[in-house]
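Have a look at the structure below before the remarks.
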Amino acid sequence: METRKNPLRLEPVIGTFYKLVPARAARRVPENSGEETWREIIASNPAHFEAREALADRLTAEGKVAEACQLRLDGCMLVCDLLDGADEDLMLDWEDPYTAQALGMVYGSAEDHFVIGDFEMATAMLELLADRDPEDHLNAAELLLFCYAALEEWELFDETEAMLPEGMLSAKLAGYWAAFRRAAPQSELLRVRETMRKDDPALYKEWTAAEHEITQEYLADIESRRPSAAAEARRLWLRTESLWRAFPEFIAYLRA
């Protein structure tokens, strides 16, 4: 774990809005920089989020996922440590580029924890974003919805679900899963399955499929201007796969 000595501070913008400022000015990252340069920058300034994210992306591409996740976690904790105990009304200014990078680091680490099935840690990080960025620029509420269902925090689940756009595919999936987890009578469980099969056939097909391959056809579809419902469902599966490893009962039920 990296040593942290208050490399960040809060600076007022207007009202309750603040921006994050590095204690040491973040130098510009030279064009065509590589790993050695990024590591040097981070070593001299741990709160250089641009270099930290660039290095994490490179490490991920090289298959060094654990090191990339640690880089994001260390960056996330810089922000968390600064905000720990701060006024609950304090909001962070998304319009400030450096502050936006810092918030992105928190979200990236939350995603990392979601992927490994640490839903409590992911929830804590996402709630920090929700509390400090009321306009939810990073769409933390979408991932929070799945975390709340995993933790069976139903009151928070219902509040968050109401915030999301009607018809949002991920919210619909979370709704089906939550209904399954909360249901008791067999008749209600049957209704969940039949509703999903009838109203969202692409979701139902993907969630009952034996394979979820990342094929060239899928990549071309999902990267097109108007991805198909099947491609959107496949992307959602890939994003939430950790849930179904941790809670396989829903998949087994749909396939029964």
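Nothing in this text is a laboratory measurement; each read-out follows from the coordinates by a stated rule. Keep in mind that what you see is a predicted model, and the values were worked out from it rather than measured. For neighbour counting, all protein chains shown are included, and Cβ atoms are generated from backbone atoms with ideal geometry for every residue, glycine included.
For the reader, a short list of remarks on this structure follows.
- Taking the three principal axes of the alpha carbon atoms in the stretch 49-192, the coordinate ranges are 54, 39, 27 Å, sorted in descending order.
- Between residue 136 and residue 115, the distance separating the two model label sites (each 7 Å from Cα on the Cα→Cβ line) works out to 2.3 nm.
- Prolate/oblate/rounded label for the stretch 112-256 (Cα gyration tensor, a/c 1.5): oblate
- Choice from 115, 106, 29 showing the highest fluctuation, given a GNM over the chain with Cα pairs closer than 10 Å: 29
- Listed by Cβ neighbour count within 10 Å, with the fewest neighbours leading, 19, 64 appear as 64, 19.
- The chain - mean residue ellipticity at 222 nm from DSSP helices (-39,500 (n - 2.57) per run, n ≥ 4, rounded to 500): -20000 deg cm²/dmol
- Acute angle (nearest 10 degrees) that the helix 186-199 long axis makes with the longest principal axis of the chain, alpha-carbon atoms: 70 degrees
- Vicinal HN-Hα couplings computed from phi for the stretch 37-43 (Karplus, 6.51 cos²θ - 1.76 cosθ + 1.60; Hz; Gly/Pro x): 5, 4, 5, 5, 5, 5, 4
- Positive dipole terminus of the stretch 155-256, leading residue within 244, 208, 170 (C-beta point charges): 208
- Of the three principal axes defined by the Cα atoms of the stretch 172-255, the extents in descending order read 42, 26, 18 Å.
- Among 42, 14, 222: highest mean-square fluctuation, GNM of the chain, C-alpha pairs under 10 Å: 14
- In order through the stretch 11-25: 3J(HN,Hα) via Karplus (6.51 cos²θ - 1.76 cosθ + 1.60), integer Hz, x for Gly, Pro: 10, x, 10, 7, x, 8, 8, 10, 10, 8, 10, x, 4, 10, 3
- Note on the chain: semi-axes of the ellipsoid equivalent to its C-alpha gyration tensor, largest first and rounded to whole Å, are 36, 22, 16.
- With a simple spin-label model that places each label point 7 Å from the Cα along the Cα-to-Cβ direction, the separation between residue 151 and residue 168 comes to 1.8 nm.
- Between residue 24 and residue 11, residue separation times 0.36 nm minus the direct Cα-Cα distance comes to 3.3 nm.
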